[in-house]
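To keep things clear, I will list the structure first and then write my remarks on it.
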Amino acid sequence: MAARGTGRAQRAAQWRLDYVAAENSMGFHAPQELARILGEAIDLARQAQLAALALRTAR
């Protein structure tokens, strides 16, 4: 069950990174929005890492 949450957080983080990469201006027109989206990606990726670590240590 926790593994499912790990995958969701990782996918959400990757989606945000893909969005930034696909956006042609790379944040030139809206740098604050780019920073917000990248901040969310970092947070979600870290949540996935912590959840994976918790699964590993629970065994």
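Placing unit charges on C-beta atoms (Lys and Arg positive, Asp and Glu negative, everything else neutral), compute the dipole magnitude of the range 2-58 about its Cα centre in debye, rounded to 20.
Numbers: 7 positive and 5 negative charges, 73 e Å.
Once rounded to the nearest 20, the dipole reads 340 debye.
Distances between placed amide hydrogens fall under 5 Å for Glu23 paired with no residue 5 or more residues away or on another chain. Rounded to a whole number, what is D in µm²/s for the chain from Stokes-Einstein with the Kirkwood radius over alpha-carbon pairs (20 °C, 1.002 mPa s)? This corresponds to a translational diffusion coefficient of 176 µm²/s. To the nearest ten degrees, helix 31-58 and the longest principal axis of the Cα atoms of the chain are 10 degrees apart.
FYI, it's all coordinate maths here, none of it is from the lab. The structure presented is a predicted model; accordingly, all values stated were derived computationally and were not measured. Backbone-built Cβ (ideal geometry, glycine too); neighbour counts: all protein chains shown.
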